[in-house]
Structure formats: structure tokens, C-alpha cells
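What follows is calculated from the coordinates using simple rules that are stated; it is not laboratory data. Please read these numbers as outputs of a predicted model, since none were measured by experiment. Cβ sites come from the backbone with ideal geometry, for glycine too, and all protein chains shown count toward neighbours.
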Amino acid sequence: MKAPFPYFGGKRSVALDVWSRLGKPTQYIEPFCGSAALLLAAPKPAALEVVNDASGFIANFWRATKYQPAAVAAAADYPVSHVDLGARHGWLMAQRERIGAALQAPHWPGDATVAGWWLWGQCCWIGSGWCEWERAGAPRRQCGEGDTGGREGFDATSAGMGIQAVGQVPHAGNAGRGIQAVGKVPHASDAGRGIQAVGQVPHAGNAGRGLLTSCGRTAWQWLHRLADRLERVRVVHGDWSRCLNSHFGGSDTAVFLDPPYRAYEQLYGKAAPVADEVEAWARDNARLRIALCGHAGDYDLPGWDAVEWSRGRLTYGGGKTTDRECIWYSPACLSRKQPGLFDWAAAQPVLGAP
């Protein structure tokens, strides 16, 4: 199971490795949930699961999907449109105060329209800049409205970088990402990713990927499966530290920390770094099973097991950060497995044993 949208910096590719170190805890906490890749990859749901994100758009998506999957799917069912992408971005940004306040009520079911529109845009948008929760001020005017007046102009020679201008050109080089553009005409050589385009005409030479079915049913099925998984998950919005109450403690509590990496906070719309606070908390709570993500050299945690890994592709830092990914495991985590001849021999039954 995975999120129905692309997410920058997600850890789905290493989720199983992380769970091999976290085990099967009674309580699971994910303060920077994003695409909730670790939660969705858990081999067994914990008795108490709490996820949090500082972005109200992300928290609202998971909350609304938990309680209103059909309504979220309906709101996301819309074709790719450059004009509407900009207009919806502006409208969504204006909802931040209302959504943020409503999310403080633990049983508020979320806003399905905001969740669906955010999901739609997350799958259409190129680069960073889509609905950054902490971005100051109102969104800029649609490209082409009046003179630029010192504003950033629309780049007619490329899709641009970052947010460009509100009304950014949607992703159009292939069948899209996540739920993409509902009803979008597919790329002739690629069936797309995620649930592709709900209602997308299937690729004639490829069965496609995801859950391609009739119009609207792909998102409906995907989000209902997520709702089933989220049934007992508590979705919180706010500062990362607000969900860290460890009711069970010790090896019964697992915490997955994936804060914005040092020097790259702006890519997540963060105004200030949080890595120092996260490192200090992790050091003081090493009795818990904690996995902390960053780049190699970001943290100094004596006694922790630092495991480097590679994304195998270019990242926000180009090629220089591809092989610098690292996860620090607290001393309370399960030991790293080293399969080999002796492990295999030890697992074999002893002849004559009862």
C-alpha cells in the first residue's frame, strides 16, 4: 500500500529495512509523516498509531481520507488544467487558517474538497511550491495577468522550476504521477504511475500500473483501502513534538523521524530548521526504538547505528546527495541482520532433536 501522490523525499524504498529494525511495537509515532510511507508499509499495525505533519494540507488529506474517502476521490476527479491549477492553488492557500484551526479538534473529519483539490494538484504540479503551508503572504497573480511589475515571469521555453508563478504549467511529459489528471489522455509510451488518471484511457500495449479501472473507480478504490488502514490511526497537525507522548516506552514504542534535511528546509516550505531540536530529542530518548533520517554526517549520535543507503537516482541536490542518505538507529532498535553461512546453519533443525 502506498500514498496516491508523489512525495519529495519519501522513504518507501527503505521502509522494509526500517521496520526490520523497529520490529512490531505497541505504539508507533511518525511526526513528519508526509506520504506516510513507513506507516503504510508496517508489517503489522500497532495498537496505538499517531502521525503528524506541520503542513495542514497533508494532515487534512490523511484525516479526510480516513473519514471521507469517497468525497475526497470525487473532489480529485478532474482533468489537468493550467488555469485551474493556478486558481485552485490560490484558493487552497486562502484556506490555511480555517483548516489549521479545524484540525486541532481530534475528531474533525477533514475537508474533503480541500483534500481532493490538494491531491489533484500534488500530482499535476512540477517541482516545489505547490501549497506550501508556511509560505508567507498571498499567492501571486496568474501568469500573464497585466504587467509583471517585478514579478517572476512565465518561462515559455520550459516548464520552469519551483513555483514559477501561480498557474504553473502542469506535469505533461508523461501520464503523470499519483492520481495525476483524472481523465487525462495517457502518454503513448507510458501507462503512468500511481493510480494514473482516473478514467484514463488504458495504454494499448501495456496493462498499466496502479489500479486502472473505469472512470472514477481507481481513486475510489485506492482511497477506500487507505481509509481502512487509517481507521485507528490518529492524524495530528502541528509542531512535530506535539505527538511524542510515549505511553508504553522502551522497546514497545517506535518513532520514525524524517525531518527536513539540514540546508534543504526551504524545499519543504519550512521557514526554520528543526534538525537540531530533533537530534536533541532523539539523544535524550534513546531508550525508545528510533529511526532518524538525514544525510551522512548530519548527526552526531554516539552508540547509534548509522546505516548509509543510496536512492540510486538524482535528488534535489543533483548527483551529490544520491549516495549520502543515512538512517540512525537508536541502541534500543533490533540489531542489524547479517545473513550468511552461520545464520543459515543456526536455523537448521538439529538431527535427533525432539
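Worth pointing out:
- Among 246-254, 84-92, the order from most to least packed when residues are scored by Cβ within 10 Å on average: 84-92, 246-254
- Gain upon complete extension [residue 41, residue 335; 0.36 nm per residue less C-alpha separation]: 103.9 nm
- Contour excess over end-to-end distance, with Cα ends at residue 248 and residue 136 and 0.36 nm allotted per residue: 36.4 nm
- Under Karplus coefficients 6.51, -1.76 and 1.60, residue-wise ³J(HN,Hα) of region 77-94 in Hz, glycine/proline x: 7, 7, x, 5, 8, 4, 5, 5, 4, x, 5, 5, 4, x, 5, 4, 4, 6
- Full-extension gain in nm, residue 91 to residue 12, via 0.36 nm per residue minus C-alpha separation: 25.4 nm
- Estimated inter-spin distance, residue 326 and residue 20, nm [label 7 Å along Cα→Cβ]: 2.1 nm
- Proximal charge balance of residue 116 [Cβ under 11 Å; K/R count +1, D/E count -1]: -1
- Scanning residues 5 or more positions from residue 49 or on other chains, those with amide H under 5 Å from its amide H are 28, 234, with H placed 1.01 Å from N in the peptide plane.
- Whether region 1-138 is rounded, prolate or oblate, judged on the alpha carbon gyration tensor where a/c under 1.5 counts as rounded: prolate
- Distance between the modelled labels on residue 263 and residue 241, one decimal in nanometres: 2.6 nm (7 Å Cα→Cβ projection).
- Highest mean first, the peptides 102-111, 327-336 sorted by other C-beta atoms within 10 Å per residue fall in the order 327-336, 102-111.
- Phi-based couplings in Hz for region 37-44 (Karplus 6.51, -1.76, 1.60; Gly and Pro marked x): 4, 5, 4, 5, 9, 4, x, 8
- Charge context of residue 55, other residues only, Cβ under 9 angstrom, K/R +1, D/E -1: -3
- Taking Lys and Arg as +1 and Asp and Glu as -1, the other residues whose beta-carbon sits under 12 Å from that of residue 242 total -1.
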